[in-house]
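Colleague: One structure, pasted below without further comment.
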């Protein structure tokens with residue numbers, strides 16, 4: 001096709017779309033939903049950043065307070081004026097009070113685009129020697145009902161809404177010519193109808209995609225800073241989303257090539273959207289749940305409790321006798337708490353936690369193995385739905401995939417183990433009971449917060465290359481059908 | 001004449017291959033939704049029932065232990081699967097269902113299934129509720145979008161109007177014909193789960209569920225009818241199938257996906273939830289330094305010691321005829337409990353404000369109104385969840401009191417004592433309670449029905 005013809009087509013498309021108000025209405029709609037999604041995503045990102053700032057301040061405050069309090073006790077001949085359970089020179093007290101540290105997963109800038117698992121997985125934990133988070137919630141506080149309703153983010157707009165708008169943009173490229181009676185005119189021209197249609201769809205795709213990125217890139221840079229533009233995550237995201245749009249345009253060409261009415265074209269494309277966007281994922285979930293059933297966390301708890309009971313049937317009795325029920329540490333049957341009691345509690349907590357951890361470890365491994373198997377199987381099947389493939393890709397690139405949260409969680413487990421190894425020996429030093437010093441306070445293990453946005457475990461390149469191939473085949477079939485159209 | 005009109009419409013529909021494909025696909029989906037719902041309901045209800053027995057059996061068989069240590073071993077209160085979760089599992093997977101009954105610590109419902117789910121979960125869980133809320137409207141709109149417009153497009157409108165049929169009859173005939181097809185799908189949705197429930201539960205356990213089930217079906221019928229009328233009204237108003245389809249599909253998209261999610265985000269921004277860090281800070285501060293004129297923890301403890309010594313006329317704590325430590329622990333538990341109650345109540349108040357905003361958006365979407373009704377009637381809503389959490393927390397405190405009373409006099413508790421601690425049992429509130437909580441969605445559905453009929457009347461006036 002010559003450049004001059006392309007220019008004519010370009011002008012024709014713009015005039016057509018402008019005159020029937022599709023361009024204005026559609027692009028206004030795209031603008032509004034994108035602005036809303038970017039606003040929602042970036043404000044969530046800022047909230048998380050603020051929370052991390054608060055955590056840093058909190059950590060400093062607690063550390064300063066701990067050091068000052070220990071210094072005060074040491075300066076007054078180890079006399080602590082307050083309640084003995086708050087005395088920081090007992091390692092057990094510090095392990096409960098100022099000792100627990102926060103472990104945080106720093107949100108990557110692209111998280112403003114894709115909420116992914118960040119809605120249901122914690123991005124920070126308070127790490128106690130007994131568990132990752134205690135006292136309050138097992139994860140960040142959020143309204144379950146709002147989680148059930150779902151998030152309105154860029155990923156939702158791109159995966160669900162924009163294909164529909166693309167359908168509106170492309171469903172009648174051929175059929176409208178037939179319905180308006182201009183088809184015969186086109187047939188009599190010396191240009192290939194297939195080439196003309198392909199070029200028209202290409203122009204529409206180009207317009208749509210360019211407009212889309214022209215909004216997203218600068219606004220996102222303005223909202224969360226431009227640093228993400230230098231990451232490979234961003235450019236893969238651009239490739240994946242642009243290819244996803246191309247797939248829907250190719251599908252529109254194929255449907256148009258069947259010489260159906262505009263009405264039926266729209267129906268067919270909506271039906272395909274429904275199948276690929278909702279039904280295939282629903283069916284996959286159905287199949288994967290049966291193939292790799294995920295054990296309930298209740299079962300883990302039951303196993304843990306069984307182990308504790310078994311322990312107390314054997315040597316736990318001695319522990320109870322020697323520590324918990326010994327007159328030295330008997331809390332309830334006394335009027336004044338003694339240092340021995342604080343020590344006794346520390347030992348009980350330490351011993352029973354070791355049992356709990358050992359019992360939970362195996363069940364937890366099984367749980368994560370099953371989830372991992374589901375994830376791997378999902379990776380194999382994700383090609384059955386471009387919507388699913390895009391969802392997986394986007395969350396991996398934004399650092400909000402289950403895999404990344406799981407990695408963070410495992411790092412926190414290792415950190416918790418380190419914290420336990422730090423406190424346990426100090427808690428169990430019976431000789432003095434009060435062994436925690438300023439040097440110890442300064443040596444409390446810290447978690448290094450970092451971004452988890454590595455995506456190399458997901459074959460993004462091959463998957464999208466394959467989809468580019470599928471898109472090319474769909475385009476090719478549609479083109480050939482138009483080329484040999486006899487209607 | 002009406003019968004003739006209905007049979008003409010149905011014949012026309014039957015001859016259209018698209019409708020046959022649509023119905024076949026739909027039946028397959030309903031079958032899948034039923035199987036999914038049934039598997040979810042039976043597996044989970046049996047598992048949770050069994051787990052409740054196991055956790056209690058572990059507690060009462062823990063052997064000789066220090067009572068306080070035994071109380072810390074505690075047991076779980078599991079929220080039983082809702083009696084109609086086969087229809088709709090609502091927010092169940094998002095709230096968790098395990099509540100740890102342990103002293104000193106305000107319990108919280110844990111183990112949300114959704115935390116361990118893959119990304120597929122974000123695409124929804126196909127069951128009857130999902131089908132009715134998401135797919136049924138689309139099917140109805142695909143069926144009705146050209147109910148009237150095709151007469152204009154085919155040029156048969158003059159023919160139809162010149163026949164011995166009034167415009168009212170024409171309207172009723174076409175809508176009833178669509179109603180027959182929609183009714184068949186609704187019947188399948190209503191009878192399928194009922195049959196599965198009857199098979200699983202047997203007549204004696206099914207009978208108490210029937211009033212609630214009947215209300216659900218009535219709601220579903222009203223919802224399907226209003227959507228049918230709405231689809232017909234738009235078709236009549238536009239007299240153009242393509243335009244009608246775009247409008248109805250757009251309305252569906254907005255109502256099902258856009259409005260609730262966008263309102264959810266708005267609710268998050270207008271009523272921001274406190275973070276766990278802030279919650280931790282505030283509750284720690286309130287426990288340590290007291291609220292208002294309560295005084296610090298140390299001051300409260302000193303005041304308590306002074307009052308106890310004055311009461312017993314002694315000068316040293318060691319001379320008290322009772323143990324002072326258990327008294328301080330109980331006093332601390334009481335004051336800490338108040339702090340936690342206040343903090344949790346604040347969170348719940350905020351969540352209620354957020355939820356109200358989302359639920360209000362049902363003014364713009366009948367799909368949301370039906371979803372709310374469905375959640376409330378199947379007891380898979382947040383209100384029922386809160387009721388469970390409140391009862392579990394009350395049980396936790398009850399267990400604490402029983403153990404504390406025993407501990408004042410004994411240092412070792414055996415299985416004979418553990419068996420005196422009552423098991424936890426939860427039954428979801430009855431139909432009256434559910435309907436009271438669902439009053440808003442019911443009114444909104446009725447409002448939407450009136451609106452749909454009014455639109456149809458307007459369309460009739462304009463087009464016929």
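Colleague: If packing is taken as the mean number of other Cβ atoms within 10 Å per residue, what is the order of B:75-81, B:21-27, highest first?
Modeller: Those peptides, ordered most packed to least, come out B:75-81, B:21-27.
Colleague: Quick one: B:286, A:411, B:88, fewest Cβ neighbours within 10 Å first, how do they rank?
Modeller: Fewest-to-most Cβ neighbours within 10 Å comes out as A:411, B:286, B:88.
Colleague: Here's something else I'd like to know. What is the distance, in nm, between label points placed 7 Å from the Cα along the Cα-to-Cβ direction at residue B:461 and at residue B:446?
Modeller: 2.4 nm
Colleague: I need to check one value: relative contact order of chain B, counting alpha carbon pairs closer than 8 Å and at least 6 residues apart, in percent.
Modeller: Relative contact order for chain B comes out at 27 percent.
Colleague: When you look at the Cβ of every residue in B:269-276, what mean number of other chain Cβ atoms sits within 10 Å?
Modeller: Partner-chain Cβ atoms within 10 Å, mean over residues of B:269-276: 5.
Colleague: For the stretch B:146-228, what is the Kirkwood estimate of the hydrodynamic radius, computed as the reciprocal of the mean inverse distance between distinct Cα atoms, to one decimal in Å?
Modeller: By the Kirkwood definition, the hydrodynamic radius is 15.5 Å.
Colleague: Based on the Cβ-Cβ distance from residue A:68 to residue A:446, what FRET efficiency comes out when R0 is 22 Å, to the nearest 0.05?
Modeller: 0.70
Colleague: Can you tell me the alpha carbon radius of gyration of chain B divided by the globular rule-of-thumb value 2.2 N^0.38 Å?
Modeller: Working it through for chain B, the quotient is 1.30.
Colleague: What do you get for the angle between helix B:2-15 and the principal long axis of chain B? Use alpha-carbon atoms, 0 to 90 degrees, nearest ten.
Modeller: Approximately 80 degrees, to the nearest ten.
Colleague: To the nearest whole number, what is the average tally of beta carbon atoms from other chains within 10 Å of the beta carbons of peptide A:152-163?
Modeller: 3
Colleague: For the Cα atoms of chain B, what angle does the longest principal axis make with the long axis of helix B:366-377, in degrees from 0 to 90, nearest 10?
Modeller: The angle comes out at about 40 degrees.
Colleague: Before anything else, pin down the relative contact order of chain A: Cα pairs under 8 Å, at least 6 apart, normalised by residue count, whole percent.
Modeller: Relative contact order here is 27 percent.
Colleague: At 7 Å along Cα-to-Cβ for each site, give me the label-to-label distance between residue A:29 and residue A:49 in nm.
Modeller: Simple spin-label model gives 3.3 nm for this pair.
Colleague: How big is the protein assembly as shown in terms of Cα radius of gyration and Dmax, in angstroms?
Modeller: That works out to 32.5, 115 Å for Rg and Dmax.
Colleague: By how many nm would the segment from residue A:354 to residue A:291 grow when fully extended, if each residue of separation counts as 0.36 nm and the alpha-carbon distance is taken off?
Modeller: 19.3 nm
Colleague: Could you work out the mean count of beta carbons from other protein chains within 10 Å of each residue's beta carbon in B:141-150?
Modeller: Other-chain Cβ atoms within 10 Å of each residue's Cβ, averaged: 1.
Colleague: In what sequence, highest mean first, do B:270-278, B:300-308, A:197-205 appear when ranked by Cβ atoms within 10 angstrom?
Modeller: Highest-to-lowest ranking by the protection proxy: A:197-205, B:270-278, B:300-308.
Colleague: Follow-up question, since we're still on this one. I'd like the FRET efficiency for residue A:16 and residue B:363, computed as 1/(1 + (r/R0)^6) with the beta carbon distance as r and R0 of 45 Å, rounded to 0.05.
Modeller: Calculated transfer efficiency: 0.75.
Colleague: Could you list, bin by bin from short to long, the percent of Cα-Cα pairs of the stretch B:243-357 in 5 Å steps?
Modeller: 2, 10, 13, 12, 10, 10, 8, 7, 6, 5, 4, 4, 3, 2, 2, 1, 1, 0
Colleague: Full-extension gain between residue B:10 and residue B:454, please, as 0.36 nm times their residue separation minus the C-alpha to C-alpha distance.
Modeller: Roughly 157.3 nm would be gained on extension.
Colleague: Cut-off is 10 Å between beta-carbons; in what order do B:215, A:16 appear when sorted fewest neighbours first?
Modeller: Final ranking by Cβ density, sparse to dense: A:16, B:215.
Colleague: Once you have a ≥ b ≥ c as the square roots of the Cα gyration tensor eigenvalues for chain A, tell me rounded if a/c is under 1.5, and otherwise prolate or oblate according to whether a/b is larger than b/c.
Modeller: prolate
Colleague: How high is the relative contact order of the stretch A:53-153? Use alpha-carbon pairs under 8 Å, at least six apart in sequence, and give a whole percent.
Modeller: Answer for the stretch A:53-153 is 21 percent.
Colleague: Moving on to the next point. Along Cα→Cβ, 7 Å out, is where each label goes; now give me the distance between the ones at residue B:423 and residue A:306 in nm to one decimal.
Modeller: 1.9 nm
Colleague: Something else about it: Given a Förster distance of 41 Å, report the FRET efficiency between residue B:284 and residue B:431 from their Cβ-Cβ distance, rounded to the nearest 0.05.
Modeller: E between residue B:284 and residue B:431, to the nearest 0.05, is 0.45.
Colleague: Something else about it: Which residues in the stretch B:369-413 place their backbone N less than 14 Å from a point set 7 Å from the Cα of residue B:201 along the Cα-to-Cβ direction?
Modeller: Output list for this probe position: B:377-380.
Colleague: Here is a follow-up. Which angle between 0 and 90 degrees, to the nearest 10, do you get for helix A:280-291 versus the longest principal axis of chain A when only C-alpha atoms count?
Modeller: Between helix and principal axis, roughly 40 degrees.
Colleague: Please compute the Cα-Cα pair-distance distribution of the stretch A:1-80 with 10 Å bins starting at 0, giving whole percents from short to long.
Modeller: Percent of Cα pairs in each bin: 15, 16, 15, 13, 11, 10, 8, 6, 5, 1.
Colleague: Something else now. Pull out the extension gain between residue B:21 and residue B:349, defined as 0.36 nm times the separation in residues minus the alpha carbon to alpha carbon distance; nm, one decimal.
Modeller: Stretched fully, the residue B:21-residue B:349 segment lengthens by 113.2 nm.
Colleague: Would you mind ranking B:374, B:454 so that the residue whose beta carbon has the fewest other beta carbons within 10 Å leads the list?
Modeller: B:454, B:374
Colleague: If every alpha-carbon in the stretch A:404-487 counts as one equal scatterer, what log10 I(q)/I(0) does Debye give at q = 0.12, 0.14, 0.25 1/Å?
Modeller: -0.65, -0.74, -1.16
Colleague: Under the rule of -39500 (n - 2.57) per DSSP H run of 4 or more residues, summed and divided by the residues of chain B, what mean residue ellipticity at 222 nm is obtained, to the nearest 500 deg cm²/dmol?
Modeller: Rounded to the nearest 500, it is -23000 deg cm²/dmol.
Colleague: Could you sort the peptides A:337-344, B:66-73, B:203-210 by per-residue average Cβ neighbour count (10 Å cutoff), highest mean leading?
Modeller: In decreasing order of mean packing, A:337-344, B:66-73, B:203-210 become B:66-73, A:337-344, B:203-210.
Every number here is computed from the coordinates shown, using simple stated rules; none is lab data. Since the structure is predicted, the reported quantities are computational estimates derived from the model, not experimental observations. Because the Cβ atoms are built from the backbone with ideal geometry, glycine has one as well, and the counts that use them run over all protein chains shown.
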